[in-house]
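The values are calculated or read from the model by the stated rules, or taken from the named source; none is laboratory data. If you're wondering where the values come from, they're calculated on a predicted model, not measured in any experiment. In this analysis, Cβ positions are derived from the backbone assuming ideal geometry, glycine residues included, and neighbour counts consider all displayed protein chains.
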Amino acid sequence: MRAVAVFPKVREVRVINLPEPPPVTGSHVLLKVLEVGICGTDREIGAFEYGAPPPGSDHLILGHEALAEVVATGPDVTWVRKGDLVVPTVRRPCPQARCRPCRAERQDFCVTGEFWERGIKEAHGFLQEWTVEEEAHLVAVPRKLADVAVLTEPLSVAAKAAEQAQALQGRLPWERAHVRALALGAGPVGLLGAMSMVVNHFDTFVYSLEPAASERAELVRSFGATYLSGQDVPLGELRQKVGTFDIIYEAVGVSKVAFAAVDALGANGLFIFTGIPAHGSPSPVDTDTLMRNIVLRNQLLLGTVNASRSAYELALRELEQAMFLFPRSVRALITHRVPIEAAPALITGHGGVKQVIALSSAGTP
C-alpha cells in the first residue's frame, strides 16, 4: 500500500510503499482511508520545523485530518461495523499514572507532555491507504456528511473552544442575550471557527489581510458573517472603528497580531488562542496596558489545543447544522482534491483554503 512520509534526516517528503496491515485482533479496527486534509501543521512538518517519527523509525507518515471507512473489526469491537464512516482522533494519552487528564481520557489536557499524536508526534499518521486504530479512538460519521466530513478534525478545534467558552462564560452572573464574536484569520481554522460562531447564533466577524473583494471575503459573507479587511481597518484601530467583542478566536499563529487584537476584547470577554507561533525574535508588548485591561475588564485569555471525543462529536453536529444552513459555503472550503501522488507537492506548497488528498483504494486488502 502507498503512504506519504517525511524523512527528517535526509529532508525528504515522498510517497512510499508499505506492507498491507495484518488481520485485526482485539478491539482494533481496519480502516480504508478515504480522504486526508492538509493543514499548516503538515506543511511545517514537511518543512522539517518539527514532527517526530515513532521511536526506531527514520520516517513519519503524515496526516491527522482523516475520513475513513471501516473494513474489518476485531472480535472485541462493540459498536462500529463494516461499512461505517468514521473520523479518527489524533492525540493519544501519556502513560503516566499521575496524569489525571489522560487517565480520564482527556489527553488534550495532558500535564506531562508525554502524549503522542498520529501524524505529528511519535506515531504514524493517516496519509496511507489502510490503517489500524483502536475502536475507542473513532468517532462515527453520518453518511450524509461524507463529502465534507474531512473537515471534522480542524472544526473540532473550534468546537473545543466553544465548550470551554460556554463553561467559562458561565462564571458571569447573567446570560448574554447578544454575543459579538471575532475570528482572527481567514484560514481553514478561522473560517471553520467563524462558521461555528454563526451556527451558535453569534454576531460574527472575520478579520484578515485579504481585501474586501477577495474570494475569502465573499466566502465569509456567504455564510452570514461580516468580513473586516486589514487593508481597510488597521488592527490597532479595530476597537475604535468596529467596537469591542465578547469573544475573540485567534487563528493566525502570529503572536504580534494576536496580542494587538486583545485591545478589541470587551469587558468580561474571552480571548481564545489556537495558533502556535514559530520561534522568532521577541516582539514588544505593552504589558502594563495588557495586564491593566485584563484586571479591570475581568477578561480571560485561554489557550486550546487538539480536542477530545466530545469536541469531535460537537464538531460533527455543527457541521451538520452548517450543511443545512449554508451547504455551498461549507463545500467551498475544500478548494483542492488531489490523488496521493500529488501529496508531496501539495504539502511543500501553498494555495487555496483546505487541500485534501483523496485516496482511491477500495475493497479488503
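Conditions (1) assigned to a helix (DSSP H, G or I); (2) touching a helix residue (DSSP H, G or I) at 6+ places or on another chain (Cβ under 7 Å); (3) among the aromatic types (F, W, Y); (4) under 26 Å from R309 (Cα atoms), marked per residue:
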residue: A162; (1), (2), (3), (4): yes, yes, no, yes
residue: L168; (1), (2), (3), (4): yes, no, no, yes
residue: L172; (1), (2), (3), (4): no, no, no, no
residue: E175; (1), (2), (3), (4): no, no, no, no
residue: A183; (1), (2), (3), (4): no, yes, no, yes
residue: G190; (1), (2), (3), (4): yes, no, no, yes
residue: M197; (1), (2), (3), (4): yes, no, no, yes
residue: Y227; (1), (2), (3), (4): no, yes, yes, no
From the list T73, T78, which residue is of a type in the set (S, T, N, Q), touching a residue at least 24 places away in the same chain (Cβ under 8 Å) and under 18 Å from F126 (Cα atoms)? T73
Scanning the range 199-225 for residues that are of a type in the set (A, V, I, L, M) and not in a strand (DSSP E or B), which turns out nearest to A161 (Cα to Cα)? V199
G266 meets each of (1) in a strand (DSSP E or B); (2) of a type in the set (G, A, S); (3) closer than 30 Å to C102 by Cα with one exception, condition (3)
Of everything in the range 52-96 that's buried (at least 22 other Cβ atoms within 10 Å of the Cβ) and of a type in the set (G, A, S), which residue is nearest to P8 (Cα to Cα)? G63
Would you be able to say whether some residue in the range 228-244 is within 19 Å of L270 (Cβ to Cβ), surrounded by fewer than 23 Cβ atoms within 10 Å (Cβ to Cβ) and in contact (Cβ under 8 Å) with a residue 60 or more places away in the chain? yes
Listed residues E20, E44, E35; which is outside any helix (DSSP H, G or I) and surrounded by fewer than 18 Cβ atoms within 10 Å (Cβ to Cβ)? E20
Under 7 Å by Cβ, and 6 or more places apart or on different chains, what pairs join a residue from the range 97-109 that is part of a loop (DSSP other than H, G, I, E, B) with one that is modelled with pLDDT under 95? R106/S308
Taking only the range 142-163 into account, find how many residues are surrounded by 19 or more Cβ atoms within 10 Å (Cβ to Cβ), of a type outside the set (G, A, S) and farther than 30 Å from H59 by Cα. 2
If H124 passes every condition in (1) farther than 28 Å from Y249 by Cα; (2) in contact (Cβ under 8 Å) with a residue 60 or more places away in the chain; (3) out of contact with any Lys or Arg (no Cβ under 9 Å at 6 or more places or on another chain); (4) not basic (K, R) but one, which one does it miss? (3)
Residue count for the range 287-314, restricted to those that are surrounded by 13 or more Cβ atoms within 10 Å (Cβ to Cβ), of a type in the set (D, E) and free of Cβ contacts under 8 Å to residues at least 40 places away in the same chain: 0
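So that you can scan it fast, the table gives a plain yes or no per residue for (1) under 21 Å from I357 (Cβ atoms); (2) assigned by TED's automatic domain parsing to the domain that holds P19; (3) small (G, A, S); (4) under 20 Å from the mean Cα position of the chain (by Cα):
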position	(1), (2), (3), (4)
C110	no, yes, no, yes
I120	yes, yes, no, yes
E135	no, yes, no, no
K144	no, yes, no, no
Would you be able to say whether some residue in the range 68-78 is outside any loop (DSSP other than H, G, I, E, B) and within 18 Å of the chain's Cα centre (by Cα)? yes
